[in-house]
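Chemist: One structure, pasted below without further comment.
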Amino acid sequence: MHMPRITRKIFTDQFIWMVTLGLIVGFIFPPFMILLGIPEANVMTPLFYTASLTAGFFMGVMNFGLVHFVVRPHLKELADRMKLIKETVNDKTYQESDVHCMGDSCFIEAVSDDEFGESAQAFNEMVEALQSAHEVEYVYTNFSKALSSNLELDGLAREAIHLLIEHTVCSAGGLFVEDESDMKMIYAQGIVNAEQIVQHDYIVKAMDDFRIERITLPENIEVDGLLTHFRPQEIVVVPILFKQRNLGVFVLASPVHINEQSLSMINMFRQGMGLALNNAIAHESLQRLAALDGLTNIYNRRFGLKRLKEEFKRTQRNETPLGVLMIDIDHFKNINDAYGHLVGDKAIVLVTKTILNTLREGDVLARYGGEEFMVILPGASEQNCWNTAERIRRLVEDTRLKINDQEINFTVSLGYISFPKSEVDDEMELLHHADQALYQAKEGGRNRIVAYSDLLPETKTKSKIA
């Protein structure tokens, strides 16, 4: 029940009511004394009444003073902290940054076990809830920015794992994406042997059930093999879905129990990650399609030239050799005219596979034209180029294309150049000289190899002929 309001200030009302109550007590005090047996002549006098009313007045003032010095500071502290919270939230909201009070400046110390203590505790819980809600909003904003700005799969995975580790209790994590029938690791931080994780049953179970799997490792149980650089207490496997289709999983490990706040954060990441991951996978597929030749599934001319430019710059920077081969199928027009374009396409595919079987990891093969190929050989000297070219020439010569009951044989001509033995200014000049060597190989009778250095006047011609 609330006392009737007199003014718009509660403490002013409190003062008025306490003084009034004191005066009432002072007024009824003399008759009360008569009831206690004090002679009426001694108490029912103006002096006694005045003294009684004065005492009642001062008692009211003293009671108000106690309220003012005992209760009011707590309420003032509560009001000040509320103002601080308001200013902090406003500032942090407009700055789009996280909310964290410095030290104990936002909290109130609960110094009593009554309603004031309960109010302080409720206020502190409210501040913590506000901080948590604002942190979630802040993280979600950053996460949304990261998702929208990363169409590259590697960049998206790296940003997502970093944010998850930063804003949860997890200390290690990785993103694994389903690639056809296999799972491949895109990015991992703090995980040992990340590529082997995809073989574990709990990943398959999480993806089959479309739900998060939590694995708790009690301290008294020995673990065969380590997942992380530390001993995890809990591991969580989070399937990433898009339109009820599994795209991949997050695997996160924590040295402590994963609390509800971290789980909520992980769920939030999971919901936004589905669309972003689907877009990144689609973007990567389009990039791969744009880079590959539709018939041979090797680099097309455009991306082959792009790789040549990259390798030439790396060669100049590291001062290492770089070889380029140009290859052309001999008399290819005759194959098309005699057997048709479908057989011609099969011949191109067969030559592509033959060339790929001779190349090292790191070498680059691109379809330069209809029946013409470019091979980039990082670190290859002129002798290395010759060895590779000769292997290709012999393998193609020994290859037979079977069409029904017929066997078609064909050969290739090759020209090559090695930088820096042959000096050039840029990658296009390098390619041009390799093409010149190829032209001389074809003019010289085909099924042969010519080095660009053999074409230089000061160099003795030493074309290698089969």
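Chemist: Please report the carbon-and-sulfur percent of the accessible area for region 239-304; probe 1.4 Å, protein heavy atoms only, DNA, RNA and ligands left out. If you can, show how the numbers build up before the last one.
Modeler: Details: 1660 of 3170 Å².
C and S atoms contribute 52 percent here.
Chemist: Within the accessible area of region 34-86, what % is carbon and sulfur when the probe is 1.4 Å and the other protein chains stay in place?
Modeler: So the carbon and sulfur contribution to the accessible surface is 74 percent.
Chemist: Quick one: grab Rg to one decimal and Dmax as a whole number for region 343-401, Cα atoms only, in Å.
Modeler: 11.6, 36
Chemist: Express in nm, to one decimal, how much length is gained between Gln261 and Glu135 on full extension, taking 0.36 nm for each residue of separation and deducting their alpha carbon distance.
Modeler: Contour length minus the Cα-Cα distance gives 44.3 nm.
Chemist: 5 Å is the cut-off here: which amide hydrogens, built 1.01 Å from N in the peptide plane, fall below it relative to Leu292, excluding neighbours closer than 5 in sequence?
Modeler: Asn300
Chemist: Okay, next question. Arrange the peptides 422-433, 272-283 so that the one whose residues have, on average, the most other Cβ atoms within 10 Å appears first.
Modeler: The densest-packed peptide leads the list: 272-283, 422-433.
Chemist: Holding the Cα-Cα limit at 31 Å, pick out from Lys313/Lys346; Lys313/Lys333; Lys205/Lys306; Lys306/Lys421; Lys309/Lys442; Lys243/Lys306 the pairs that are longer than that.
Modeler: Long pairs (Cα-Cα over 31 Å): Lys313/Lys346; Lys313/Lys333; Lys205/Lys306; Lys243/Lys306.
Chemist: Run the 1.4 Å probe and let me know the accessible area of Ser264, rounded to the nearest 10 Å².
Modeler: Probe radius 1.4 Å; accessible area of Ser264 about 70 Å².
Chemist: For Ala172, what residues show an amide H to amide H distance below 5 Å, using hydrogens built from the backbone and excluding near sequence neighbours?
Modeler: Amide H neighbours of Ala172, under 5 Å, 5+ apart: Ala253.
Chemist: Using a 1.4 Å probe and ignoring any ligands, DNA or RNA, find the accessible area of Lys402 and quote it in Å² to the nearest 10.
Modeler: Accessible area of Lys402: about 140 Å².
Chemist: Moving on to the next point. For region 407-457, max minus min Cα coordinate along each principal axis, in Å, sorted largest first?
Modeler: Cα spread of region 407-457 along its principal axes, largest to smallest: 44, 22, 14 Å.
Chemist: Counting only the heavy atoms of the protein chains, how much of Met126 is accessible to a 1.4 Å probe, in Å² to the nearest 10?
Modeler: Its accessible surface works out to 100 Å², give or take rounding.
Chemist: If R0 is 51 Å, what FRET efficiency do you get for Lys306 and Val71 from their C-beta distance, rounded to 0.05?
Modeler: Values: r = 76 Å, r/R0 = 1.49.
In this case the efficiency is close to 0.10.
Chemist: Further question: Which ³J(HN,Hα) values, rounded to whole Hz and listed in residue order, are derived for region 312-326 from phi using the Karplus coefficients 6.51, -1.76 and 1.60 in 6.51 cos²θ - 1.76 cosθ + 1.60 with θ = phi - 60°, glycine and proline given as x?
Modeler: Those phi angles translate into 5, 5, 5, 5, 5, 5, 9, 6, 10, x, 8, x, 9, 10, 10 Hz.
Chemist: Sticking with this structure for a sec: Step through the residues of region 187-192 one at a time and calculate ³J(HN,Hα) from phi using the Karplus curve (6.51 cos²θ - 1.76 cosθ + 1.60, θ = phi - 60°), rounding each to whole Hz and writing x for Gly and Pro.
Modeler: For region 187-192, the Karplus curve yields 7, 9, 9, x, 10, 8 Hz.
Chemist: Please list 3J(HN,Hα) in residue order for region 250-259, calculated via the Karplus relation 6.51 cos²θ - 1.76 cosθ + 1.60 where θ = phi - 60°; whole Hz, with x for glycine and proline.
Modeler: In residue order, the calculated couplings are 8, 10, 10, 10, 10, x, 10, 5, 6, 7 Hz.
Chemist: Using a 10 Å cut-off on Cβ atoms, rank the peptides 150-158, 17-25 from the highest mean neighbour count down.
Modeler: 150-158, 17-25
Chemist: Region 247-405: Rg/Rh from Cα coordinates, Kirkwood Rh?
Modeler: On the way: Rg = 22.8 Å, Rh = 19.2 Å.
Rounded to two decimals, Rg/Rh equals 1.18.
Chemist: Suppose accessible area is computed on protein heavy atoms with a 1.4 Å probe; arrange Ile186, Ile6 from highest to lowest. Walk me through the numbers before you get to the answer.
Modeler: Working: Ile186 25, Ile6 90 Å².
Most to least solvent-accessible, the answer reads Ile6, Ile186.
The values are calculated or read from the model by the stated rules, or taken from the named source; none is laboratory data. As the structure is a prediction and not an experimental result, all values here were calculated from the model. Please note: Cβ atoms are built from the backbone with ideal geometry, for glycine as well, and neighbour counts cover all protein chains shown. What goes into the accessible areas is simple: the full protein's heavy atoms, side chains included, and nothing from ligands, DNA or RNA. Shrake-Rupley method; radii C 1.70, N 1.55, O 1.52, S 1.80 Å.
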